[in-house]
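Rule-based calculations on the coordinates, nothing more; no lab input. A quick note: this is a predicted structure, and the numbers were derived from the prediction, not measured. So basically every Cβ, Gly included, is an ideal-geometry build from the backbone, and we count neighbours across all protein chains shown.
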Amino acid sequence: MQKSNQFKIKKPYIAHIESSLNWGGQELRIIEQTEWLINNGYKSIIIGRPSSKIIEEAKKRNLPYFELKIRGSVNLLQIIKLIIFLRNNKIDILDTHSSRDASYAMFVKFFTNIKIIRSRHVTDTIKNDFFHSFIWKYGSHSIVTTAEKIKSDIIKLKLYNKDKIFVAPAGVDKKRFDRKNIKNKLNIKKELNIPINDKVIANIGMIRPDKGQIYYIKMCELLSKKYKNITFLQIGEETNDTKTYKNKIINYLNNSPYKNRIKFIGYKKDIENYLSIVDIVVISSIGTEAQTRLVSQSFLMKSNVVATNVGGLPEMIQDYKTGLLCKPKNPKELAKKVSLLLENKSLRLELAKNAYLHAIKYNTFEYMMDFMLKVYNGVLNDENISY
């Protein structure tokens, strides 16, 4: 990969706008990109709703932020406030991350010279009615997706020029996600009351229906019947909208004869510490998954990965080379693939080695940000972008 010039003439001021109230991988990615830009000499700011989790996190990390009451897809008062703020602060690029803020950004494009990047993080069905298709076609100067599948869907619907849609790699901090740098593995096992010699299998992510935790729990039950020295973890919490789903999962688990083998430990900010004790990461998603950075994190931590073949997961995981793939909504197949790894040490080691070598080349944060800077640079200067 050739390094970009990273704006040798001018480093632009980049604003990220996110209308979501919840916290997840998408919001974390925005926070970390903003942090990286500032640490590398760029001006960057996060725009979000006053009560949103992303604004709360920006405050905790002392990142610049602007609170905007993003209400509805077309709120002229708030759109005017946004335009005034962007103009007054001489923002060069506005990177938009959800559909509602994409609508606001379209008006910024129409009435200012500010460049608009539309980022799409999920593989949900794209709304293609007149209003939404108009925003897709005319609301940005370029589109960045987090999976080839998302790009393909946009092209199939004829919503945008394929030459101006770019697929961003899922980059993470290679120093942070390095087993050699984790000092407290035994303490974490002790904290969680996990026997030292137990294998640890984990599902990591927000507790939502699309993440398929119910199938993960059923897989855990099947494996618990077969193996004794395994502890199963669910790392992550529900959102404001998925409390009912979590209650459903907990009620199911409480009636399971293996409930003591499966531990729900909540959201962990220092996820790298908990990943350091995980032997196999199971991604049981049934939809919405793009190129999740959990795969990159797991690869760098040399944890094996078993995942469903939905969304962008097959783009990141080569079956039987860097991980194992199976059909969604199928706990028996998940259990079968995990069993294969548990019983075949040479396969475990080979997949982990291949995955690590792939990630150290293509899934680092530096690689991702070099890509983003090249996109920003091309859009800002009306240049053709190749990567």
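Residues Arg120, Arg29 in ascending order of nearby Cβ atoms (within 10 Å, fewest first): Arg29, Arg120. Is the C-alpha gyration tensor of region 295-364 telling us rounded, prolate or oblate? Criteria: a/c under 1.5 is rounded; beyond that, a/b larger than b/c is prolate, otherwise oblate. It is oblate, given that a/c is not under 1.5 and a/b is not larger than b/c. The share of alpha-carbon pairs in region 151-256 lying farther apart than 19 Å comes to 65%. Remark: for residue pairs Lys175/Lys243; Lys11/Lys174; Lys164/Lys374, the C-alpha separation exceeds 23 Å in Lys175/Lys243; Lys11/Lys174. Taking one quarter of the surface of the convex hull spanned by the alpha-carbon atoms of the chain gives a direction-averaged projected area of 18.9 nm². Here the contact order of the chain, divided by its residue count and restricted to Cα pairs under 8 Å and six or more residues apart, works out to 16 percent. Remark on region 243-308: ratio of C-alpha radius of gyration to 2.2 N^0.38 Å is 1.27.
Approximating the spin labels as points 7 Å out from Cα along Cα→Cβ, the Tyr252-to-Asn309 distance works out to 2.3 nm. In region 179-362, inverting the average of 1/r over every pair of distinct C-alpha atoms gives 16.3 Å as the Kirkwood radius. Taking a point 7 Å out from the Cα of Asn229 in the direction of its Cβ, the residues of region 197-222 whose backbone N falls within less than 12 Å of it are 197-200.
For Cα pairs less than 8 Å apart in space and 6+ apart in sequence, what is the mean separation divided by the residue count of region 179-362, i.e. the relative contact order in percent? Value for region 179-362: 23 percent. Between Asn40 and Asp173, residue separation times 0.36 nm minus the direct Cα-Cα distance comes to 46.4 nm. With R₀ fixed at 41 Å, the C-beta to C-beta distance from Leu186 to Glu383 puts the FRET efficiency at about 0.20. The label point for Lys336 and the one for Thr112, both projected 7 Å from the Cα toward the Cβ, are 5.4 nm apart. Our note on the geometry: Cα centres of region 63-140 and region 245-324, 32 Å apart.
Model label sites at Lys329 and Phe85, defined 7 Å from Cα along the beta-carbon direction, differ in position by 4.1 nm. Values of log10 I(q)/I(0) for region 67-195 across q = 0.14, 0.17, 0.18, 0.19 Å⁻¹ run -0.69, -0.87, -0.94, -1.02, by the Debye formula with one identical scatterer at each alpha carbon and no solvent.
A protection proxy built from the mean count of other Cβ atoms within 10 Å ranks the segments 280-291, 138-149, most packed first, as 280-291, 138-149.
One chain, two ends: Lys269 and Tyr320. Fully extended at 0.36 nm per residue, the span grows by 15.3 nm beyond their Cα-Cα distance. The calculated FRET efficiency for the pair Ser73 and Asp163, based on their C-beta separation and a Förster distance of 35 Å, comes to about 0.80. For region 126-186, the share of alpha carbon pairs falling in successive 5 Å distance bins from zero is 4, 16, 21, 16, 9, 6, 7, 7, 7, 6, 2, 0 percent.
Here region 9-137 yields Rg over Rh of 0.94, to two decimals, using C-alpha coordinates and the Kirkwood radius. Residues whose amide H comes within less than 5 Å of that of Tyr267, counting only those at least five positions distant or on another chain, are Gly236, Glu237 (H built at 1.01 Å from N in the peptide plane). Scoring 298-307, 353-362 by mean Cβ neighbours within 10 Å over their residues and listing the highest first yields 298-307, 353-362.
In the chain, helical runs assigned H by DSSP with n ≥ 4 each contribute -39500 (n - 2.57); averaged across all residues and rounded to the nearest 500, the mean residue ellipticity at 222 nm is -13000 deg cm²/dmol.
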